[in-house]
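Written out below as structure tokens is the structure these notes cover.
The values are calculated or read from the model by the stated rules, or taken from the named source; none is laboratory data. Here the structure is a predicted model, which means the values were calculated and not measured. Note that each Cβ is placed from the backbone with ideal geometry, even for glycine, and that neighbours are counted across all protein chains shown. For accessibility, only protein heavy atoms count, side chains too; no ligands or nucleic acids. Shrake-Rupley method; radii C 1.70, N 1.55, O 1.52, S 1.80 Å.
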Amino acid sequence: ILSLGESTKSLKVISAPSMPEFYIKAIDGLPARIGSASCGSAAASGTRIIVEDIETHPYWESLREVARQAGIKSCWSQPVISCQGDILGVFSITSRKTGKPSQTDIQLMKQTANLVGIALVRDRNDKLIQKQANFDSLTGLPNRLMFKDRLNQEIANAKRNDFEVALFFLDLDNFKDINDTLGHDKGDRLLKEVARRLSGCMRNIDTVARFGGDEFAIIMGQLSNTNNVDRIANELIAALSRPFPLSGRVAYLSTSIGISFFPDNASNSDDLIKNADQAMYAAKNKGRSRFQYYSATMQKKAMERMSVLNDLQHALKEDQLQIYYQPIVDLKSGSIDKAEALLRWLHPQHGLLNPQDFISIAEGSAMIIKIGEWVMQQVLNTLCNWRQNQHTDFQISINTSSVQYRDTEKRLLKCLEMLDQSGLPGQALTIDISEKLLLENRPETIHQLKEFSNRGVNIALDDFGIGYSSLDCLKNSNLDYVKIDSNLIECIEHDPESLALCEGIIVMAQKLGLKVIAEGVETEQQRSYLIAAGCDYAQGYLFSPAVSENNFKF
């Protein structure tokens with residue numbers, strides 16, 4: 001009995017109990033083609049091949065001597081065919097006499113081939129189930145299940161032999177952009193190439209697995225020391241930093257890697273994975289395209305974040321969140337026509353918290369979406385009150401998070417429905433966005449900003465002048481305001497270069513038809529410099545800190 005390899009198209013001996021070993025070796029791997037003895041010809045043609053005399057038949061030319069040594073003079077081969085018509089292998093009968101099979105022999109061959117077919121189909125199905133259960137269908141790498149099993153084996157081996165184990169947890173930075181811009185087909189091709197490159201960096205005894213989505217994990221076991229881990233991590237980063245050619249297009253990737261060790265960082269596989277995952281997020285937060293080792297402080301910070309997130313869940317329900325408003329002053333007239341809405345959290349144990357104490361944690365979960373909707377509703381309520389009773393043209397700006405623009409459900413645009421329900425014009429509202437968000441140039445972000453702009457909502461570029469500054473984000477966007485970063489304003493009194501930069505931003509923005517707001521103004525001299533430079537608006541402690549709605553002065 002021989003089975004046909006699905007990819008190799010060659011025959012593998014499954015059973016040959018009465019044949020000598022040298023004969024089995026000779027026919028094992030026999031190619032499935034016409035002229036390749038009886039078995040190979042039957043597998044290639046899908047028909048029964050009867051060779052009455054091996055000595056004279058042309059199909060046996062290459063194996064005639066082997067057959068002679070084995071004492072075989074005739075061979076009858078029946079293809080094994082599945083119910084779907086696929087050729088699975090061959091059932092073959094050899095004889096020490098020349099001759100052809102009788103009708104009884106042929107019937108026996110057919111029946112036996114059917115039974116062999118059932119066995120081969122079951123074997124293939126078992127192997128397929130095993131493969132699907134343990135291997136990733138796209139990359140062919142071990143999946144999460146097999147990865148966990150191998151990690152447990154490596155830990156057990158390390159305990160017995162006093163080895164160390166290094167676990168790498170990798171996340172592809174901004175992989176979603178590849179799928180969004182080039183399509184999922186190219187994204188899949190890229191993931192296959194990522195798997196190939198990662199495997200190429202590792203030893204044969206290491207395990208490279210696809211953990212899920214754009215996450216991969218690597219186990220380095222049998223380590224007597226961890227001196228080479230730095231080098232391997234840098235090689236992995238370099239391998240994924242090279243361009244990825246994709247059918248005429250070129251994609252660029254980077255990866256963030258977290259690394260944990262057994263037994264130094266954890267005593268079991270679950271904790272080892274969790275710690276490497278935490279280290280990976282630390283690497284991502286530090287700027288991406290780098291690696292980070294796990295440390296005990298990460299666990300402490302993770303517990304603190306979890307505590308804050310749990311408290312934040314209750315904050316919305318129990319009305320602990322509050323909106324404070326900081327006046328934005330017209331530098332020419334001194335009037336207050338605008339304000340910025342700033343979130344505060346009146347925590348029952350920790351008192352009044354500023355956004356920097358909790359917003360980044362909210363951005364790591366869906367909480368930022370809910371908080372954003374709550375802030376919008378509160379601001380619209382305040383606007384209705386103030387425009388009706390205090391200032392008919394008053395405008396309030398709201399900070400938005402980049403996470404809100406990446407939300408696949410585009411719930412940020414529901415704010416426009418809330419605006420309609422309030423009866424307020426779009427001009428009553430300004431949304432603040434970051435430079436980094438604009439520079440990412442994501443199609444869904446641009447679409448959402450256009451939706452706001454088309455409804456009359458103003459858009460302000462926040463914290464301009466520090467970090468990501470690019471002229472393109474001023475020129476190619478639906479902006480109405482530029483807000484100069486407070487760190488730059490802080491320096492203009494004693495740093496001529498900072499003053500010159502502020503003056504340049506003001507001139508440039510106004511040439512493009514944009515208004516300029518200076519943030520963090522704290523002294524009269526700063527105000528004087530800004531007025532002289534032609535700045536339109538300013539906000540900061542010189543005028544007023546952020547205050548509650550009831551304490552706001554017009």
Check: So which lysines pass the test for Lys332, namely a Cα distance under 18 Å, with those fewer than 8 places away in the same chain ruled out?
Finding: Lys483, Lys515
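Starting from the residue with the highest accessible area, list Tyr23, Tyr541 in decreasing order, probe 1.4 Å. Don't jump to the answer; show the numbers that get you there.
Working: Tyr23 10, Tyr541 155 Å².
From most accessible down to least: Tyr541, Tyr23.
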Notebook entry, point to check: Using the Cα gyration tensor of segment 239-345, with a ≥ b ≥ c the square roots of its eigenvalues, what is the shape: rounded (a/c below 1.5), prolate (a/b larger than b/c) or oblate (neither)?
Noted result: oblate
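Identify the trypsin sites (Lys or Arg not before Pro) of segment 391-471 meeting these criteria: DSSP loop state and at most 16 other C-beta atoms within 10 Å of the C-beta. All intermediate terms of the calculation are to be shown ahead of the outcome.
Working: sites: Arg406, Lys410, Arg411, Lys414, Lys436, Lys450, Arg455; in loops: Lys410, Arg455.
Those that pass, being in a loop and sparsely packed, are Lys410, Arg455.
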Next item on the list: Can you send over the carbon and sulfur percentage of the accessible area for the chain, probe radius 1.4 Å, protein chains only?
Entry: 48 percent
Next item on the list: At 4 °C and 1.567 mPa s, grab the translational diffusion coefficient of segment 31-74 from Stokes-Einstein with a Kirkwood Rh over Cα pairs, rounded to a whole number in µm² per second.
Entry: 126 µm²/s
Next item on the list: List the residues whose amide H sits under 5 Å from the amide H of Ser289, counting only those 5 or more places along or on another chain, with H placed 1.01 Å from N in the peptide plane.
Entry: Thr255, Ser256
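May I ask you to give the solvent-accessible area per residue for segment 431-554, in square angstrom, as obtained with a 1.4 angstrom probe? Provide the component values of the computation, followed by the final result.
Working: 5890 Å² over 124 residues.
Per residue, segment 431-554 has 48 Å² of solvent-accessible surface.
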Next item on the list: Could you work out the local net charge near Asp420, counting Lys and Arg as +1, Asp and Glu as -1, over the other residues with Cβ closer than 11 Å to its Cβ?
Entry: +1
Note to self: List the residues, sorted by chain then number, that are 5 or more residues from Asp536 or on another chain and whose placed amide H is less than 5 Å from its amide H.
What the structure shows: Val516
Checklist line | Virtual spin-label span in nm between Asn234 and Leu316, 7 Å along Cα→Cβ | finding: 4.5 nm
Next item on the list: Report ³J(HN,Hα) in whole Hz for each residue of segment 419-431, in order, from the Karplus equation J = 6.51 cos²θ - 1.76 cosθ + 1.60 where θ = phi - 60°; Gly and Pro get x.
Entry: 5, 4, 5, 6, x, 7, x, x, 5, 6, 10, 10, 10
Next item on the list: In whole Hz, with x marking every Gly and Pro, tabulate ³J(HN,Hα) for segment 528-536 from phi via Karplus 6.51 cos²θ - 1.76 cosθ + 1.60, θ = phi - 60°.
Entry: 4, 4, 5, 5, 4, 7, x, 5, 7
Check: How much of Leu479 can a 1.4 Å solvent probe reach, expressed as accessible area in Å² and rounded to 10?
Finding: 20 Å²
Notebook entry, point to check: How much of the DSSP beta bridge set in the chain is antiparallel, as a percent to the nearest 5?
Noted result: 70 percent
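For the chain, what does -39500 (n - 2.57) per DSSP helix run (n ≥ 4), summed and divided by total residues, give at 222 nm, in deg cm²/dmol to the nearest 500? Before the final figure, lay out the partial values.
On the way: 20 runs with 247 residues, N = 554.
After summing the helix terms and dividing by the residues of the chain, the value is -14000 deg cm²/dmol.
Give me the net charge of Asp393's neighbourhood, meaning all other residues with Cβ under 10 Å from the Cβ of Asp393; Lys, Arg count +1, Asp, Glu -1.
That sum, taken over residues with Cβ under 10 Å, equals +1.
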Item checked: Calculated from backbone phi, Karplus (6.51, -1.76, 1.60) coupling profile of segment 350-364 in Hz, x at Gly/Pro -> 9, x, 7, 9, 8, x, 4, 7, 8, 5, 4, 6, 5, 5, x
Checklist line | Subset of Lys159/Lys286; Lys370/Lys436; Lys414/Lys511; Lys186/Lys410; Lys284/Lys370 violating a 31 Å alpha-carbon distance limit | finding: Lys159/Lys286; Lys414/Lys511
Note to self: Can you give me the solvent accessible area of Ile118 with a 1.4 Å probe, rounded to the nearest 10 Å²?
What the structure shows: 100 Å²
Note to self: Quick check on segment 185-257: take the gyration tensor over C-alpha atoms, sort the square-rooted eigenvalues as a ≥ b ≥ c, and tell me if it's rounded (a/c under 1.5), prolate or oblate.
What the structure shows: prolate
